1. Looking at segment B:349-368 only, could you name the residues that are touching a residue at least 40 places away in the same chain (Cβ under 8 Å) and farther than 16 Å from residue B:276 by Cβ?
2. When you check residue A:388 against the structure, is it out of contact with any strand residue (DSSP E or B) (no Cβ under 8 Å at 6 or more places or on another chain), more than 29 Å from residue A:337 (Cα to Cα) and modelled with pLDDT under 95, yes or no?
3. For segment A:357-367: of the residues being closer than 24 Å to residue A:298 by Cα and more than 9 Å from chain B (Cβ to nearest Cβ), which is farthest from the chain's Cα centre (by Cα)?
4. Looking at (1) under 29 Å from residue B:58 (Cα atoms); (2) modelled with pLDDT under 90, find the lone condition where residue B:285 falls short.
5. Give the residue that is nearest to residue B:64 (Cα to Cα), with candidates limited to residues of segment A:345-356 that are assigned to a loop (DSSP other than H, G, I, E, B) and more than 27 Å from the chain's Cα centre (by Cα).
6. Give A:75, A:42, A:48 a once-over and let me know the one that is surrounded by 14 or more Cβ atoms within 10 Å (Cβ to Cβ), in contact with a helix residue (DSSP H, G or I) (Cβ under 7 Å, 6 or more places away or on another chain) and either within 30 Å of residue A:362 (Cβ to Cβ) or at pLDDT 90 or above (or both).
7. Restricting to segment A:187-238, what's the tally of residues that are touching a strand residue (DSSP E or B) at 6+ places or on another chain (Cβ under 6 Å), within 14 Å of chain B (Cβ to nearest Cβ) and not in a loop (DSSP other than H, G, I, E, B)?
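The values are calculated or read from the model by the stated rules, or taken from the named source; none is laboratory data. Values in this document were obtained by computation on a predicted structure and should not be read as measured data. Positions of Cβ are backbone-derived with ideal geometry, glycine not excepted, and every protein chain shown enters the neighbour counts.
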């Protein structure tokens with residue numbers, strides 16, 4: 001049975017540089033990396049030293065405060081380097097691949113016929129637990145919790161976001177097995193949301209409640225879907241998993257191997273047309289193997305333009321990202337950029353430029369802030385792009401003030417930074433709103449837990 | 001442009017981080033960012049940003065004010081020459097008004113921006129653009145003959161007490177432009193009301209009838225202007241508020257660009273119309289009423305500063321209600337109260353100023369109750385959720 005969710009408020013940005021729907025084998029990286037900062041709040045404890053030989057699926061570090069959550073090597077090879085940042089914080093664990101593809105054998109398992117405890121143990125031991133995120137707070141899940149439901153979004157609405165239907169086309173068998181396994185983790189339901197493209201691929205998946213989602217971005221955000229389907233109340237936990245990672249979990253149960261395949265789409269106006277494709281790669285791949293050396297006038301983003309992370313040459317695709325986006329840096333001055341109805345090639349959700357007259361135009365945005373940070377003055381613009389029963393401006397102010405009771409009342413448990421990405425985009429005052437929400441969530445973690 | 005850029009970079013050098021004049025950087029930056037949108041790029045969060053910024057928003061409001069302002073200049077001359085019975089051309093009228101009004105604008109901007117710059121340097125933040133609008137609004141809502149020093153003192157009061165005392169742009173409770181007018185109104189009443197102040201240089205001449213329509217009505221006399229005169233604005237009044245037609249033209253731009261809230265504008269006009277209709281219906285209930293209560297409701301909408309206040313000052317996003325529902329309530333009450341104050345309090349012939357200031361004070365309360373209804377919904381959901389768990393156990 002499926003239910004329809006129609007989102008009305010939001011904004012679908014059309015950008016230049018969509019990836020062509022052609023799946024090619026990615027060139028194998030010499031090095032791969034797992035980046036602990038991708039897992040918010042996780043304090044890594046290394047279990048292997050530099051130089052250790054690893055199989056794909058061998059544990060490399062675990063989370064200090066939730067030690068059941070293990071992080072394993074995506075490929076077989078040698079642990080080459082542990083890169084540390086300020087205060088000796090581990091920034092990257094780099095593994096040199098040996099191209100042998102030798103896997104640690106976890107043993108095949110039929111998830112549907114196995115008890116819940118063993119399934120859970122298998123998922124977290126193999127490193128697949130890292131794929132599971134918890135709401136509220138948008139952090140890595142704690143296996144000791146029992147979530148009230150699990151949510152999977154296969155809806156692509158973010159700008160230049162890869163098409164889930166295309167990614168999952170040849171992975172339906174693994175996907176179904178992954179669902180069978182995830183079912184053991186919750187007493188509640190598994191909610192799978194699909195758009196037109198992914199519905200064609202996933203409509204026969206069993207054991208899920210299917211939701212047809214339509215509307216502008218952020219309709220594809222799992223947080224918006226949770227809010228519409230079964231909102232989170234204080235004290236409750238729900239888990240979310242990215243759609244392709246469900247197939248990795250399924251593959252683990254089918255073959256006994258942890259083989260974190262990741263389809264990565266190379267997108268963005270600065271990516272040459274011939275490399276703008278979908279690549280069949282492995283988690284943590286080196287970006288230069290995919291896009292070559294990138295000029296400093298180009299911003300490399302792991303993920304999409306709204307929520308991704310800034311990378312530089314030689315770094316690695318983020319753990320949860322399935323796109324590499326290249327857009328021009330915008331470090332240029334613009335004479336009289338504030339004049340209304342000028343610079344119409346820069347998109348604006350307000351109508352102070354004529355860009356709204358051309359809803360089908362594809363934009364080529366730069367990373368320019370298009371202004372400077374100011375006090376919050378304009379009202380009403382945030383509500384237009386946040387389809388939630390939440391007062392965004394008031395919540396942001398509560399987060400800035402660190403007022404826990406207000407944050408709770410205004411729905412902090414239901415939001416994640418990514419849900420505020422569009423709010424940040426349209427904000428006239430150019431505040432870093434995703435960061436504000438992240439800090440607010442962090443405060444809730446320490447104060448409420 | 002490239003040459004100016006290079007010069008600017010050179011001028012800015014001693015104001016850089018760790019340099020001698022670092023403290024004064026906000027002042028230089030304000031001028032620089034006026035000429036060039038800076039080269040700042042996104043560092044955290046969303047990598048791309050909308051083309052709009054606060055400068056553009058504020059300039060849009062200034063653009064919306066320009067038609068009413070130019071008309072106001074012409075009307076100042078028109079009122080002056082017709083009341084004196086002199087013959088004049090369009091340009092003479094405009095010139096007469098401009099000579100009066102441009103100095104007021106200059107004083108307002110010089111004093112106000114001076115304070116803004118000083119506070120930006122003192123507090124170490126960039127200069128906010130809000131004063132671009134406030135500084136133009138203040139002369140537009142003053143009587144044409146007000147001495148410049150009074151404009152200056154009103155501006156000082158508005159910016160210091162109305163805005164900076166609360167923490168600066170974005171934190172003020174009252175609309176700064178109206179704070180300035182209210183200050184002048186109570187501090188210098190003889191310059192702000194009566195029948196001598198609304199026509200340029202009227203006080204020098206005897207036997208001039210420079211009364212505003214509301215003043216005439218409050219005095220219990222008959223109005224000598226036609227409805228279309230009121231709508232076009234060829235009537236005495238504050239500098240630029242008389243022409244409902246051109247105010248509506250500005251409103252169109254504000255609503256079209258989504259800079260001004262159409263909800264506030266519409267609900268305020270509805271509120272004013274309803275209040276006026278209630279007064280209009282008094283005779284049918286057997287109550288006689290007076291000139292003000294019996295003044296037709298649609299004429300109530302076009303006279304005085306009602307339209308100007310609703311379009312340009314009630315919609316000030318900082319001092320207005322911030323929630324969607326709240327905006328409806330806030331706007332409605334402004335219109336409703338404005339007409340009520342007009343009718344019930346002949347000492348304040350125009351009620352819009354006090355109505356907006358009053359609702360500015362109540363806007364946070366309105367928002368509080370709107371938000372509280374959502375909070376209650378959320379708490380109720382928690383209750384039912386825990387209730388279900390209990391019954392399941």
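1. B:353, B:354, B:356, B:357, B:359, B:360, B:361, B:363, B:364, B:366, B:367 - these are the residues of segment B:349-368 that are touching a residue at least 40 places away in the same chain (Cβ under 8 Å) and farther than 16 Å from residue B:276 by Cβ.
2. Criteria met by residue A:388.
3. Let us first name the residues in segment A:357-367 that are closer than 24 Å to residue A:298 by Cα, namely A:361-367.
Next, only the ones that are more than 9 Å from chain B (Cβ to nearest Cβ) stay: A:361-362, A:364.
Values: A:361: 27, A:362: 24, A:364: 23 Å.
Out of the qualifying residues, it is A:361.
4. For residue B:285, the failing item is (1).
5. By that ranking, first place goes to A:352.
6. Answer to the selection: A:42.
7. Result for segment A:187-238: 4.
Okay, residues lined up against (1) more than 11 Å from every other protein chain (Cβ to nearest Cβ); (2) modelled with pLDDT under 95; (3) over 17 Å from residue A:11 (Cα atoms):
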| position | (1), (2), (3) |
| --- | --- |
| A:347 | no, yes, no |
| A:350 | no, yes, no |
| A:369 | no, yes, yes |
| A:377 | no, yes, yes |
| A:381 | no, yes, no |
| A:437 | no, no, yes |
